[in-house]
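Below you'll find the structure, written out as structure tokens, and then a few comments.
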Amino acid sequence: MKVTLVIPVYNELDHLETFLEQVDRASFGIPKELVFVDDCSTDGSRELLERYPFKSEVVHLRHETNQGKGTALKAGIAAATGTIICVQDADNEYDLEDLARLIVPILNDKADVVYGSRFRQSTHTVHRTFHYVANRLLTLLSNLFSGLYLTDMETCYKVFRADLIKNFRLESRRFGFEPEVTAKISRLRLRVLEHPISYYPRARIDGKKISWRDGVAAVWHIIRFNLLVSDADCFTDQLPARYIHAPGKPRQTLLDRDSVA
């Protein structure tokens, strides 16, 4: 078993070295691979990535033009060699100790996909009002269309079995990855869990890149990937048979609401 963290990077220099120190020393109980996808950074992030003295197994990918987070994730997932693949942002909004806990259900063969929820916590994180409201509304809309009961569809922390996510035909270029992958998960026969995580939100002045336009685009992604594309357009022919939807089984029963932790 090996875990791969797929990490898009775009102009993150102000806090990148601190993040690299943390992710390089992070332990998950199994071998770790870091796949960095530099999405045409112009602030020195690429140079720092290339000279940083990693102790972990590292793969560097570079885009010569900025193509968006979704495209970076697609490239990183294709390059990953781990049996478990995690999405990780190159900032300090999330806690790597939480990610270590999200991997456990897959290691114990209790889940195929695990989402980290910023809204399932015993303590209250103060969120930016716009982002909080947008996230909750988009999650609700996604739930209505997909039939999954989630509290945080837009979370960065998503953990997948590699033989699952590598066989998704991913299309979204920017931040549409979240609703796209959620819609495609809902088409399959999967064990999906959701666990609480910590969250330390950044403001735009600190480098946060998502905007209201991405929220509007997410509504279209939710509709399109839930209703307007076929299974053949969603998955490759190599998708393992155990994940394929059981004939005649309603989509909304794929995830029992009571099974979400």
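Listing for the model above:
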| read-out | value |
| --- | --- |
| TYR200, TYR149, TYR115 arranged by Cβ crowding within 10 Å, fewest neighbours leading | TYR200, TYR149, TYR115 |
| Label-point separation, SER56 to GLU93 (7 Å along Cα→Cβ), nm | 1.8 |
| Relative contact order of region 3-259, defined on C-alpha pairs under 8 angstrom at six or more residues apart (%) | 22 |
| Residue with peak Gaussian network fluctuation, the chain [Cα springs, cutoff 10 Å], from VAL219, VAL133, VAL35 | VAL133 |
| In order through region 66-81: 3J(HN,Hα) via Karplus (6.51 cos²θ - 1.76 cosθ + 1.60), integer Hz, x for Gly, Pro | 6, 10, x, 4, x, 5, 4, 5, 4, 5, x, 5, 5, 7, 5, 10 |
| Antiparallel DSSP beta bridges within the chain, as percent of all bridges there, nearest 5 | 25 |
| Unsatisfied cross-links (Cα-Cα over 24 Å) in the set LYS32/LYS184; LYS74/LYS110; LYS55/LYS110; LYS110/LYS166; LYS32/LYS74; LYS55/LYS184 | LYS32/LYS184; LYS74/LYS110; LYS55/LYS110; LYS55/LYS184 |
| From phi via Karplus (6.51, -1.76, 1.60), per-residue ³J(HN,Hα) for region 48-58 in Hz, x at Gly/Pro | 5, 4, 6, 9, 5, x, 5, 9, 7, 6, 10 |
| Translational D in µm²/s for the chain (Stokes-Einstein at 10 °C, 1.306 mPa s, Kirkwood Rh from C-alpha pairs) | 85 |
| Radius, Kirkwood style, for region 1-154 when every pair of distinct Cα atoms is counted (Å) | 16.8 |
| Estimated [θ] at 222 nm from DSSP helical runs (n ≥ 4, -39500 (n - 2.57)) normalised by residues in the chain, nearest 500 | -10000 deg cm²/dmol |
| In nm, spacing of pseudo-spin labels at LEU144 and THR42 (7 Å Cα→C-beta vector) | 4.0 |
| Formal net charge of residues neighbouring PRO31 (Cβ-Cβ distance under 10 Å; K, R +1; D, E -1) | 0 |
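No value in this document is a laboratory result; all are computed from the given coordinates. Nothing here was measured: the structure is a model prediction, and the numbers come from that model. Cβ: placed from backbone, ideal geometry, glycine included. Neighbour counts: every protein chain shown.
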